[in-house]
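Remarks on the structure that follows.
The values are calculated or read from the model by the stated rules, or taken from the named source; none is laboratory data. From a predicted model like this one, the values you see are computed outputs, not experimental measurements. Note that each Cβ is placed from the backbone with ideal geometry, even for glycine, and that neighbours are counted across all protein chains shown.
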Amino acid sequence: MQQFETYLNENLPKVPSFHPVYEDALGVMLTAGGKRFRPMLLLSIVKAYEPMLYTSSLPVALAVEMLHTYSLIHDDLPSMDNADLRRGHPTLHKRYDEVTAILAGDALNTDAFLQLAQAPLREDIKIKLIELLALNGGGRGMVLGQAIDCYFENKPLNIEQIKVLHTNKTAKLIACSLQMGAVIIGLEKQVQDALYSFGIDLGLLFQIQDDIIDETQSEEEAGKPTGNDGDKNSFVNLLGLEKTVAEADSLAKDLQRRFEDFDEKLQIALQPLITKYLTRHKG
């Protein structure tokens with residue numbers, strides 16, 4: 001992923017003006033690290049099937065990372081999680097102020113679609129990519145999940161409702177990343193659908209693992225505040241730690257089985273990521 005990291009650093013938003021911190025604020029959380037999980041999913045699929053399209057797909061991967069980063073900036077705001085730390089660094093509203101954090105998030109959200117529109121890909125492919133990112137990252141996906149999460153804080157949900165919450169808030173953007181990679185290289189719709197469904201459950205596993213990390217790791221180990229989910233609708237709060245770990249194990253085994261049904265190129269593309277994240281909750 002060094003190529004993506006280099007591309008990201010060379011293509012941070014450039015908006016020169018007399019504002020003292022605006023341009024810096026747009027890039028600081030993008031360069032603060034992170035797992036780059038979503039760009040890796042997308043680019044791994046492209047590289048496995050059509051390596052010649054890898055470079056042309058870098059703006060698409062950056063668009064996904066920008067949208068994800070905007071969501072983290074807004075998630076940390078005082079009106080939401082009121083977090084002090086993200087990716088081991090001060091959150092934007094702590095580094096600057098709340099207004100700057102809100103506007104930086106707004107800018108990254110919109111600029112993600114600019115990245116897609118300007119990517120050196122066929123126009124019909126770009127329109128489909130814009131549609132997918134909007135459907136999964138906007139009001140019918142990630143934002144809906146965040147709205148449910150915030151509205152129902154201190155109001156316990158049942159397990160199916162929690163899955164709806166995290167399917168929207170976390171899983172859809174992960175599933176979308178896989179599908180966008182498949183769209184770029186022209187995989188059949190049946191394969192796209194299978195990848196998307198796989199990505200939804202992978203995203204749920206990702207969230208369950210995050211809930212386990214929040215319960216079991218220190219702030220220093222996790223690189224973000226932990227132990228703050230006491231009022232939230234987390235899997236651990238509903239099921240307890242032991243049952244949550246069992247849920248993660250069960251989901252990981254099901255994903256492994258489905259992963260083995262993919263063709264060889266897909267398995268080779270995703271194996272390093274799948275191996276890492278299917279076992280993350282085991283320490």
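Some values worked out for this structure:
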read-out: Count - residues of the stretch 79-135 that are closer than 20 Å to Arg38 by Cα, surrounded by fewer than 16 Cβ atoms within 10 Å (Cβ to Cβ), small (Gly, Ala, Ser) and free of Cβ contacts under 8 Å to residues at least 40 places away in the same chain; value: 1
read-out: Among residues of the stretch 9-27, those that are within 9 Å of Ala104 (Cα to Cα) and either charged (D, E, K, R) or touching a strand residue (DSSP E or B) at 6+ places or on another chain (Cβ under 7 Å) (or both), counted; value: 1
read-out: Top-ranked residue in the stretch 35-78 [being touching a strand residue (DSSP E or B) at 6+ places or on another chain (Cβ under 9 Å) and in contact (Cβ under 8 Å) with a residue 40 or more places away in the chain; ranked as surrounded by the fewest Cβ atoms within 10 Å (Cβ to Cβ)]; value: Asp75
read-out: Single unsatisfied condition, Ala32 versus (1) out of contact with any strand residue (DSSP E or B) (no Cβ under 6 Å at 6 or more places or on another chain); (2) assigned to a loop (DSSP other than H, G, I, E, B); (3) in contact (Cβ under 8 Å) with a residue 40 or more places away in the chain; value: (1)
read-out: Of all residues making up the stretch 203-229, the number that are within 22 Å of Lys155 (Cβ to Cβ) and either among the charged types (D, E, K, R) or modelled with pLDDT of 90 or more (or both); value: 8
read-out: Residue in the stretch 230-264 that is modelled with the lowest pLDDT, counting only those that are in a loop (DSSP other than H, G, I, E, B) and surrounded by fewer than 17 Cβ atoms within 10 Å (Cβ to Cβ); value: Gly230
read-out: Qualifying residue in the stretch 160-176 (condition: free of Cβ contacts under 8 Å to residues at least 12 places away in the same chain and farther than 21 Å from Leu41 by Cβ); value: yes
